[in-house]
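Enquirer: The structure follows.
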Amino acid sequence: MSIGGDLVLSVRNLDVKFYTYAGVVHAVSNVSFDVYKGEIVALVGETGCGKSVTTRAITRLIDPPGRIEGGKAYFRRRNGEVVDLLSLSDEEIRDIRGNEIAYVFQDPTSALDPLYTIGHHFYETMIDHRKIDKKNAIQHAVNLLKETFIPSPESRVKNYPHELSGGMRQRSVIAIGLSNNPVLLIADEPTTNLDVTIQAQILELIKDLQAKHGMSVILITHNLGVVAEVAHRVYVMYAGKIVEEAPVEELFENPQHPYTRLLLRTVPDPTKKIEKLESIPGTVPSLINPLPGCRFRDRCPFASEKCLEEPPMVEVGKAHRVYCWLHTVKG
Ligand SMILES: Nc1ncnc2c1ncn2[C@@H]1O[C@H](COP(=O)(O)OP(=O)(O)O)[C@@H](O)[C@H]1O
Ligand SMILES: [Mg+2]
């Protein structure tokens, strides 16, 4: 199995469905994306577009009635070996999860067990993957909490989750995620439940830690402001599919997919006195038995007959690709 030497993760044609009583929800359709060493990649799109299902699938956290129906997720392990995460045994994936791939969820409360101290959470995460005694684990925890700017970490390790503020809890969860020095950190809407100042601090923290530890990060968000702040490269998702990918400056300066353009118009412009927040007309289509072709076509001002067919991937610039028929008519 081989992927480019500078890649940490290469996902190809990922397909995930949920078999519900209401019908088959095609949550993720033919999604492909790459994560290079030491970069922060954002997956952005409206709520329900398949961001979490995508990353849960590659870490094998999809429960029934969900099923991974196809695709590959090549991951370069710490020792250099490349594996397909989707075809590993349960035991092999458990060895990677929490160790080489850390997952930070939206809600820090659910990631922490109220019955155990913060220090114990570190110990549990570390002991799962290596031989370490409790004293050394706690010392490592104190150092990591210090790195995440938690004041008086020596006493914080003895605290229970409810004794910490929401922002501190999320910092602790990130610190726990780093305890085995992961190759890849997945942060799923890590700031959504926090107030604005704390959000900015957590994002700054993720950026600093990425630079310091050199790991790769997948940052999931529905907020383009967050993307602009933190990401190096962006994948825009719509209704279970990727519609555009580009380096972050390129995406903001030169968006090509009609959906991305509309999405960018919904970002408040801080330089203007009166904020004009436009919403995109129409609603996200149901993912139950979706029709083939472009899923944005009902909301797209430029839709044509062509859009009933699957849109092709078009290279529109360096590392800039768009899945749209509009870009095929030039030549
Ligand atoms: N357990 C489930 N059962 C049925 N449908 C689900 C389940 N989990 C997710 N979905 C559906 O998959 C789609 C993508 O969800 P998700 O990845 O959570 O969106 P996002 O993270 O972008 O907000 C949504 O339509 C959602 O309703
Ligand atoms: Mg989500």
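The values are calculated or read from the model by the stated rules, or taken from the named source; none is laboratory data. Small disclaimer: the values here were computed from a predicted structure and weren't measured. Please note: Cβ atoms are built from the backbone with ideal geometry, for glycine as well, and neighbour counts cover all protein chains shown. Note: areas computed on protein heavy atoms with side chains; ligands, DNA, RNA excluded. Shrake-Rupley method; radii C 1.70, N 1.55, O 1.52, S 1.80 Å.
Enquirer: Of the numbered conditions (1) under 19 Å from the mean Cα position of the chain (by Cα); (2) more than 16 Å from ligand 2 (Cβ to nearest atom), residue 61 fails exactly one; give the number of that condition.
Expert: Every listed condition holds for residue 61 apart from (2).
Enquirer: Consider only pairs whose beta carbons are under 8 Å apart and that are at least six residues apart or on different chains; among these, list those whose first residue lies in the range 1-22 and is modelled with pLDDT under 95 and within 16 Å of ligand 2 (Cβ to nearest atom) and whose second residue is among the acidic types (Asp, Glu) and part of a strand (DSSP E or B).
Expert: none
Enquirer: Exactly one condition in (1) of a type in the set (Gly, Ala, Ser); (2) open to solvent by less than 10 Å² (accessible area, probe 1.4 Å); (3) farther than 27 Å from residue 28 by Cβ is not met by residue 216; state its number.
Expert: Evaluating residue 216 over (1) of a type in the set (Gly, Ala, Ser); (2) open to solvent by less than 10 Å² (accessible area, probe 1.4 Å); (3) farther than 27 Å from residue 28 by Cβ leaves (3) as the failure.
Enquirer: Which members of the range 290-331 meet the condition of being assigned to a helix (DSSP H, G or I) and open to solvent by 40 Å² or more (accessible area, probe 1.4 Å)?
Expert: 305, 306, 308, 325, 326, 328
Enquirer: Go through 221, 197, 192 for me and flag whichever is open to solvent by less than 10 Å² (accessible area, probe 1.4 Å) and of a type in the set (S, T, N, Q). Lay out the reasoning, then the answer.
Expert: Numbers: 197 fails: open to solvent by less than 10 Å² (accessible area, probe 1.4 Å); 192 fails: open to solvent by less than 10 Å² (accessible area, probe 1.4 Å).
Of 221, 197, 192, the one residue that is open to solvent by less than 10 Å² (accessible area, probe 1.4 Å) and of a type in the set (S, T, N, Q) is 221.
Enquirer: Moving on to the next point. Could you list, in sequence order, all residues of the range 191-235 that are modelled with pLDDT under 90 and either among the basic types (Lys, Arg) or not in a helix (DSSP H, G or I) (or both)?
Expert: 191, 192, 193, 194, 195, 222, 223
Enquirer: Please go through the range 191-235 and pick out each residue that is under 20 Å from residue 50 (Cβ atoms), touching a Pro at 6+ places or on another chain (Cβ under 8 Å) and not aliphatic (A, V, I, L, M).
Expert: Matches in the range 191-235: 233 only.
Enquirer: Let me ask something else. Enumerate the strands (runs of 3 or more DSSP E) found wholly within the range 39-127, keeping only those where 1 or more residues are open to solvent by 40 Å² or more (accessible area, probe 1.4 Å) and in contact (Cβ under 8 Å) with a residue 40 or more places away in the chain. Please lay out each step first, then the result.
Expert: Numbers: elements: 40-44, 66-76, 82-84, 101-104.
Counting at least 1 such residues, we get 66-76.
Enquirer: When you check residue 149 against the structure, is it open to solvent by less than 60 Å² (accessible area, probe 1.4 Å), of a type in the set (Phe, Trp, Tyr) and either away from ligand 1 (no atom under 16 Å from the Cβ) or touching a Ser or Thr at 6+ places or on another chain (Cβ under 9 Å) (or both), yes or no?
Expert: Working: open to solvent by less than 60 Å² (accessible area, probe 1.4 Å): no; of a type in the set (Phe, Trp, Tyr): yes; either away from ligand 1 (no atom under 16 Å from the Cβ) or touching a Ser or Thr at 6+ places or on another chain (Cβ under 9 Å) (or both): yes.
Answer is no for this residue.
Enquirer: OK, next. Could you tell me which numbered condition residue 45 fails, if it satisfies all but one of (1) more than 16 Å from ligand 2 (Cβ to nearest atom); (2) touching a His at 6+ places or on another chain (Cβ under 7 Å)?
Expert: (1)
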